[in-house]
Structure formats: structure tokens, C-alpha cells
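Novice: Mind looking over this structure? Questions follow.
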Number of protein chains: 2
Amino acid sequence: MTTRISTRTTTRIEADQLADLSSGAVLLATGGGGDPYVSYLSARQTLTAMGPVTLLKPEALTDDAYVVAIGGVGAPSVGLELLPSSDEPARALAAFEAHVGRKIDALVSFEVGGGNSMIPLIAGASSGLPVIDGDGMGRALPEAQMMTFPIAGVAPTPALALDYAGNTATFSTDSTATYERHVRAMAQAMGGMILTVEHPMTGAELKRSVVPETISFSIELGRVLRERRGNAEALIAPLRAAFADSIYGELRHLYTGKIADSASQVIGGYDVGRVRIESFDEAQPDLLIDIRNEYLVARLAADSEDEGRVVSSVPDLISLLDLETGAPINSERVRFGQRVAVIAIGCPDFYREPRALAVVAPRCFGFDFDYVPLEALPAP
Amino acid sequence: MTTRISTRTTTRIEADQLADLSSGAVLLATGGGGDPYVSYLSARQTLTAMGPVTLLKPEALTDDAYVVAIGGVGAPSVGLELLPSSDEPARALAAFEAHVGRKIDALVSFEVGGGNSMIPLIAGASSGLPVIDGDGMGRALPEAQMMTFPIAGVAPTPALALDYAGNTATFSTDSTATYERHVRAMAQAMGGMILTVEHPMTGAELKRSVVPETISFSIELGRVLRERRGNAEALIAPLRAAFADSIYGELRHLYTGKIADSASQVIGGYDVGRVRIESFDEAQPDLLIDIRNEYLVARLAADSEDEGRVVSSVPDLISLLDLETGAPINSERVRFGQRVAVIAIGCPDFYREPRALAVVAPRCFGFDFDYVPLEALPAP
């Protein structure tokens, strides 16, 4: 496989970088992507045993390289109980290679997000494959057709799913929206959380669709979170500086308060819910955040009704930081009484193009309003 | 492939035998198996164009022949609207052969039932493959693990599903109960009704598990239904004589009356419902029939409650005949006001063995009573 990869522009991820990568990726995952803790432990064990993983800049791939996306599909809340096994990613890759009858050259993350940032590294370390510095969302989003790969024209299949018991299924369809319906049904039938290998693509296709450098940027964000640990509000300035130099752009501190209510259910294989946050300043309206695996929309509650002024919405990023530690909080971990800072961050330009907004704008999630970029919204 | 099949014990099914086969199979299907009408038209067209299908007695197969079961999976009510295409069975077989990398020698029906008796014939005529005179249920039943093949130890996979749009999925698991969960989820995600190719087996495995001669017996039943057309009650005696000489045994005329209520919903990919029949004799209690795709249990309603004395239950057969025409009525076709005769028939001995009752007894469908063979129940 090495003939398809240039040795320029490669670095390595060592086991001791995984903690920073994990916490930075949770910040970018906007509440989704799955809890990283068990995946982090599994990745640390695998990289310690097998050695570091080669991290490739997208341009290191030759145009004819064969790349696949790998990660977990399901409701993140199920992932808290249905724990991943560190040998599953390599088994999924082997089953996929047997299915398609060819060798994989490199791996890429669906999404930069807790568990889903770790799974490609576990797969890479145990199978000896390099991992791309980048991902298919630049954040986490709940459905497959919302990835940059299909938006840029990559077909979703051949694709393979592996469940906790070693059962597999394969899929063949041209439409990623259809694939999403099929794979989501299988995720539910296979226990609520599965591993998939999907969206096989050439190096050329990857280079024109991937959100670049999000793995190395997560490590940088994780370093900021660790070095400034202890106070979310003191973190805002260094985080803002880091994002200002990135493909994301502006970071806004939307709100500070206490979780007054958090309700979610597993509906159709997703965590669906809403969080209400009360300000410490009684004069301020509550902040409401709608969830579908990820934090999708933040609104200031109106006096007479629940649905007030939008202060940030998908595809821009919304994240919750624990007020005392600064640690980002995944949506399935939000609990009554937590004190949090809420931040919003612009999304990569790819997601502001019409072809992307056609599948990720608020209306795609059932909201009755159009997307307005964070910078164009009045601050709360 | 002909080297794996003896020329002894083969006959042919011609297009003009399909009408009898179809109506006889609906009688054996106990309300399930899918409406045969469109499949019948499709089979007639295919056999007229491609010629007759070779019907093989199971003993005609050599022990190393490669046989697959093929049919429709889903809610029969969906099949009324999502019409089958006559080229789909051949496409499903071709996709299956590509998936497993070997040629199929013969086809067998999951179940002798309306649409599911026609699909293997369409597949056989269009692909040139012979079809076994027999099936995997000797009737219709709603779940894959209830087939004789898995009960006798045949693994469900490799298996393949094809949907109306040409999308496919494959499955790999050792457990037919797990396969049933997976394929049922895909049937729902793929529009409610799919074609599957599954339970690949050797000739030796087929010979020790198939319910034999049910296709030719359906043609014989269909002939009786056609020749005595016009009065269900006059049909009882010749049908009783036909069953008495078969692997089924006793036929009982349970009830005659009018459909007073029929309610069903698609739940979890099945048609689930209940029918209430009122006797023309007001002194007689109503008859209640519970449905899960098939008619499962017939009970005489008690005065004070709905659930009275069981007069027949799964795995024995329950069928409804239109009182005026004698035509068997599928569960998705039952309507208020229809006048019907209800008959019950013993099941093949295979289904009265403990290994079969472990998966098809009334308790497997949630009923709180044990199976008692028809002959041991007091007549209504």
C-alpha cells in the first residue's frame, strides 16, 4: 500500500497525545460523536502495544489510493453501555476487504467526535494503516448524508456493518440518504451501536471532500483545554484565538448558567432531546438547546413561549463546557444542575455552500427557519 | 449444474397449472404468504415466455447440490401496494451468486403461501433453475427461525435482500433468530417488502429438513377448490379426503359465520390483528382469530371476556374460505361482512417435535397456553 502514499506530509500520533485529541474532538463534536472515554482507553492500549499511528495530510495520498471511512453508528447513549472492543475495528476492516476484494490504503474518520475520533486510530494501529488528518464533517452530525464525502459525490457503498457479536451486514445503494435509512435500521436491530466501514473513495475524491487537519487541530484544542483547565470562562480567550486561525473562524461565548432541565429519548436510533439552561442573572431569558445526537440549535426562550430568538444553529457548532473544569460535555452526559458555559463557533466554508446546506440546514432537522451564519446573528 | 440432479423424480410446472397452485397454496398459507394475484400474473407471464419450470422431488438432488430458499419478506398488506417485478427474483439470485462466488443448483420456497409459492417459480423460469417440490414450512409462518431448515440446523447466511429499487444488503450471522431481526429491520427500511435469498444448504440438508411435495399437493388442492367452486360447505368433504391422504391429516370444519370485526396494524414489520366472526346461529359464541401475518389461534369467545376456549392453534393450520365461492381468504383481505367457513387442519409431524415446538408453539407468539394437537381438542 505504501506505493500509494507520499512520505511527505506525514506525522505520527503517539499514545500520549490521545488525551488531548479526545478532549479537543469532544469540543468539535458539538455534543455528539459518542462518549470518548472507553474508546480513548482502548486506543491508548492499542497504540501502546502496537506503536504510533501514521497521520497523513490529505495531499500525501496519491489520486488512486483507496480510502474508507470508519466509525460508530448509533445512539451515543447506547454507546455508554454497549462498550466497544479494541479488536472490532480491525475485524470490520478485514471483513470489508474480503467483501470488496481489495486492500485499503488509508482510513478517515466520519466525524471528528469523541469515540469516532478514536475508532480510526484503533483501526490504524491494529491494522498498520495510516489515518488521514481530517474528517468527513469537521464536527459531528447525526446522519450519513450530512458528511462532506457524499455531498461531494462519493457513493456510500460498498459498506459493511459489524455488531458486538461479530455479525456483519453489507449494503449496496447509490444514495447516501437511502444508505442512512438502511444502516440506521441495522444499527437498531444490531443492538443500538455498530461499527461501519463505508464511503470508499479514491485519494482524489478524498482530497476534494475532506475537512482537513481536524485531527491535529483537535490535539491543539485539547492542549489548550488541558493547560487552561479549571475555569471555562478563562478558556474562552485562548480558544477564540485558536479558532480564529483555523477553518472555523469566529467563536462566541453565548451563555453561562445551570442546567435546569434535560430530557432525551432514543427515537428512531437517535438521541433526541432538549436542554434548558438558566442564567445566574435572573433578568436573562433561559437558553434552550435542541439535540439530535448533537446540539443543533440554541435559542433564547421568549417570555410567553418556548421558542424564541435563535442565537446559533446547525451547521455552525454549539458546545457546552463544564464551568468548573472547562471540559466539553457530550449531549448524553448533560445532567440537571451542571454549571456550564455555552459557546458557538462558525463552521468550515464547505458547509455554507448551497449543496451542503441542502442537507444540513435547520430545515433538514425539522426546524422552521433558515440558516443564518453565526457572525450575522446578533449576539445574545 | 445438471450433474448434481438426478433425472428420476422430476416433473414440470406449466403456466396453466399456476392458478390451481396459487389457490391451493393460499389455503395452506393460513392467511399469510402474501396475496398471490400479482405474483400469479407475473409467474404466468414468465412461464409462458420462458417455458415450464422443472419441479424436483427432494430425493432427486445429490447430497452435494447447492440449494437456496427464495421468497418475499415483509408485511403482506404492504405487498398489496408494493407490487413485485418479474425480473427481481433473477436479479436477486444473480446478486447472491456474485456474493457467495458459486452457482446455485436448485431453489426452494420458504413457505407454501400465495406470493411465496410463485416467487421461486418466477426465479426458476427466468434463471433456468429447478424448483423443489416442497417448502420450509408446509404452511406460512411469520418468522424465519420457524422454518424447518433452521430447526434442522441449516445456518441462515450468507443471505441477500433486494428491494424494489434494486438496492441490496447481505447478512452474516449463525443464528436464524438474529437473522430474522436483521432482515425484518431491513424489510422495514427498504419499504416494507423485500426479496431474500437465504438459508443456503446442501442437497443432504434439504432432504432431511424440507416439508415434501407441498407444491404438487397445492395443485391438487387448487383443483378441488376449482372443481367444487360455489359453496364452501360442499367443499369440506373433498378437502377432508385430500388432507386425510396427506402429511397433514385431520381437517375440521370449525365454524361458519360473518366477519363482525377485523382490525389489523403493521407493527414491527408484521400485520398484527384480530378477527371476530359471528355465527348465523345466535346461540353460538363468536369465534375470535388472532393474526400475525397468519391466522394463529381460533378461540370461542366466552360470555364475560374475549378469550375463551381454544379450538385450534399454531402450528396447526387455520384457514378461512369465502362461503359463496369457497376461495381461501388471506388475512390482509378479510373485511367486515364477509361470510366465511373456518377450517382447521393438522400440521406435518415435523412441527409437532419438541425442537420445532420450541420455536412455533403458541407461547412463541405471546399466547399464555400450550399447544394441544387439533385431534386432541374438543370440537367447537
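Novice: Between the range B:105-132 and the range A:88-157, what is the C-alpha centre distance in whole Å?
Specialist: If we compute the Cα centre of each part, the gap is 40 Å.
Novice: Here is a further query. To test your reading of the geometry: what angle, between 0 and 90 degrees and rounded to tens, separates the Cα axis of helix A:37-50 from the longest principal axis of chain A?
Specialist: 30 degrees
Novice: Right, here's the next one. State which stretch of chain A is the longest one without any exposed GluC sites (Glu not before Pro), exposure meaning a DSSP loop state and at most 10 other Cβ atoms within 10 Å. Write out the running numbers ahead of the final one.
Specialist: Details: sites that count: A:GLU81, A:GLU282, A:GLU305.
Here the longest segment lacking exposed loop sites spans A:82-281.
Novice: Now for a separate question. Add +1 for every Lys or Arg and -1 for every Asp or Glu among the other residues with Cβ under 12 Å from the Cβ of A:PRO348, and state the total.
Specialist: -3
Novice: Can you list residues from other chains, or at least 5 along the same chain, whose modelled amide H is less than 5 Å from the amide H of A:VAL112?
Specialist: HN-HN under 5 Å from A:VAL112: A:GLY136, A:MET137, A:GLY138, A:ARG139.
Novice: Which FRET efficiency, nearest 0.05, do A:ASP368 and B:ALA283 yield, Cβ-Cβ r, R0 60 Å?
Specialist: For R0 = 60 Å, the calculated efficiency reads 0.50.
Novice: If one computes the Cα centroid of the range B:263-316 and of the range B:240-254, what distance in Å separates the two points?
Specialist: Using only Cα atoms to place each centre, the spacing works out to 22 Å.
Novice: Apply the Karplus curve 6.51 cos²θ - 1.76 cosθ + 1.60, θ = phi - 60°, to the phi angles in the range B:361-377 and return the couplings in whole Hz, x for Gly and Pro.
Specialist: Listing the rounded values in order: 5, x, 5, 5, 9, x, 7, 9, 8, 8, 6, 10, x, 3, 5, 8, 8 Hz.
Novice: Kindly give the distances from A:GLU282 to its copy-mates, label point to label point, with each label point 7 Å from Cα along Cα→Cβ, as nm values to one decimal ordered shortest first.
Specialist: Relative to the other copies, A:GLU282 has label-point distances of 7.3 nm.
Novice: Just to verify a number: FRET efficiency for B:ARG274 and A:THR325, C-beta to C-beta distance, R0 = 41 Å, to 0.05?
Specialist: 0.10
Novice: Using only protein heavy atoms and a 1.4 Å probe, report how much of A:VAL26 is accessible, in Å² to the nearest 10.
Specialist: Roll a 1.4 Å probe over it and A:VAL26 shows about 10 Å².
Novice: Any idea what angle helix B:232-244 forms with the longest principal axis of chain B, computed on alpha-carbon atoms, 0 to 90 degrees, nearest 10?
Specialist: Tilt relative to chain B: about 50 degrees.
Novice: Further question: Would you work out which of A:ILE291, A:ILE119, A:ALA376 lies farthest towards the positive end of the dipole of the protein assembly as shown? Charges go on Cβ: Lys and Arg +1, Asp and Glu -1.
Specialist: Of the options given, the answer is A:ILE119.
Novice: Let me ask you something else. Would you grab the residues whose amide H sits under 5 Å from the one on B:THR30? Only those 5+ places off in sequence or on another chain, please, with H modelled 1.01 Å from N.
Specialist: Close amide H contacts, sequence-distant or interchain: B:ALA140.
Novice: May I pose another question? How large is the dipole of the range A:266-361 about the Cα centre if only Lys and Arg carry +1 and Asp and Glu carry -1, each at its Cβ, rounded to the nearest 20 debye?
Specialist: With Lys and Arg at +1 and Asp and Glu at -1, about 320 debye.
Novice: Can you compute the charge dipole magnitude of chain A about its Cα centre, using +1 on each Lys and Arg Cβ and -1 on each Asp and Glu Cβ, nothing else charged? Give it in debye, rounded to the nearest 20.
Specialist: The calculated dipole for chain A is roughly 700 debye.
Novice: Something else now. When all C-alpha to C-alpha distances in the protein assembly as shown are sorted into bins of 20 Å, what percent of pairs does each bin hold, rounded to whole numbers?
Specialist: Bin by bin from 0 Å, the calculated values are 17, 39, 29, 15, 1.
Novice: Here's another thing I want to ask about it. Looking at the range B:290-343, which trypsin sites (Lys or Arg not before Pro) are in a loop (DSSP not H, G, I, E or B) and have at most 12 other Cβ atoms within 10 Å?
Specialist: On the way: sites: B:ARG292, B:ARG299, B:ARG309, B:ARG333, B:ARG335, B:ARG339; in loops: B:ARG335.
Taking the range B:290-343 and a limit of 12 other Cβ atoms within 10 Å, the loop trypsin sites (Lys or Arg not before Pro) found are B:ARG335.
Novice: Please compute the average number of Cβ atoms from other chains found within 10 Å of each residue's Cβ in peptide A:185-195.
Specialist: Numbers: counts 9, 7, 1, 4, 10, 5, 1, 0, 0, 0, 0.
For this peptide, the per-residue mean of nearby foreign Cβ atoms is 3.
Novice: If each Cα of the range B:155-271 is one equal point scatterer, what is log10 of I(q)/I(0) from the Debye formula at q = 0.12 Å⁻¹?
Specialist: Reported log10 I(q)/I(0), two decimals: -0.77.
Novice: Which FRET efficiency value, to the nearest 0.05, do you get for A:ASP245 and A:ARG335 by plugging their Cβ-Cβ distance into 1/(1 + (r/R0)^6) with R0 = 25 Å?
Specialist: In this case the efficiency is close to 0.15.
Novice: Moving on. With the Cα gyration tensor of chain A in hand, convert its eigenvalues to equivalent ellipsoid semi-axes via √(5λ) and list them largest first in whole Å. Please report the intermediate quantities before stating the final value.
Specialist: On the way: eigenvalues 209, 93, 76 Å².
One finds semi-axes of 32, 22, 20 Å for chain A.
Novice: Residue by residue through A:175-184, how many Cβ atoms from other chains fall within 10 Å of the Cβ on average? Provide the component values of the computation, followed by the final result.
Specialist: Values: counts 2, 0, 0, 5, 1, 1, 6, 9, 2, 2.
Average neighbour count from other chains, rounded to a whole number: 3.
Novice: Right, next: Enumerate the amide H contacts of A:LEU254 below 5 Å, restricted to partners 5 or more residues apart or on another chain; note that Pro and chain-start residues carry no placed amide H.
Specialist: Placed amide hydrogens put A:VAL342, A:ILE343, A:ALA344 under 5 Å from A:LEU254.
Novice: In a shell of Cβ-Cβ distance under 12 Å around B:GLY32, excluding B:GLY32 itself, what net charge do Lys and Arg (+1) and Asp and Glu (-1) give?
Specialist: It works out to a net charge of -3.
Novice: Could you count how many Lys pairs in the protein assembly as shown have their Cα atoms under 22 Å apart, skipping same-chain pairs fewer than 8 positions apart?
Specialist: Values: A:LYS57/A:LYS103; A:LYS57/A:LYS207; A:LYS103/A:LYS207; B:LYS57/B:LYS103; B:LYS57/B:LYS207; B:LYS103/B:LYS207.
Pairs that pass both the separation and distance tests number 6.
Novice: What spacing in nm lies between the two simple spin-label points modelled at A:ASP349 and A:ALA234, each 7 Å away from Cα in the Cβ direction?
Specialist: A separation of 3.7 nm, rounded to one decimal place.
Novice: Now for a different question. Report, in debye and to the nearest 20, how large the dipole of the protein assembly as shown comes out about its Cα centre when Lys and Arg carry +1 and Asp and Glu carry -1 on their Cβ.
Specialist: 1320 debye
Novice: Additional query: Inside 10 Å of the C-beta atoms of A:154-161, what's the mean count of C-beta atoms belonging to other chains?
Specialist: Averaged over the peptide's residues, the number is 1.
Novice: To continue, here is another question. Copy-to-copy spacing for A:GLU227, label 7 Å out on the Cα-to-C-beta vector, in nm, shortest first?
Specialist: 9.4
Novice: If you don't mind, another one. In nm, what does the list of distances from B:ARG208 to its counterparts in the other copies look like, shortest first, when each label sits 7 Å along Cα to Cβ?
Specialist: 5.7
Novice: So what J values fall out for the range B:147-152 if you push phi through Karplus, 6.51 cos²θ - 1.76 cosθ + 1.60 with θ = phi - 60°, rounded to Hz, Gly and Pro as x?
Specialist: Computed from phi, the couplings for the range B:147-152 are 6, 4, 4, x, 4, 8 Hz.
Novice: Here is a follow-up. So how far apart, in nm, are the two label points at A:ALA94 and B:ALA49 if each is 7 Å from Cα heading toward Cβ?
Specialist: 4.5 nm
The values are calculated or read from the model by the stated rules, or taken from the named source; none is laboratory data. Just so we're clear, the structure is a prediction, and the values are computed from it rather than from any experiment. When we count neighbours, we look across all protein chains shown, and the Cβ atoms used for this are built from the backbone with ideal geometry, even at glycine. We work out accessible area using only protein heavy atoms, side chains counted, and drop any ligands, DNA or RNA first. Shrake-Rupley method; radii C 1.70, N 1.55, O 1.52, S 1.80 Å.
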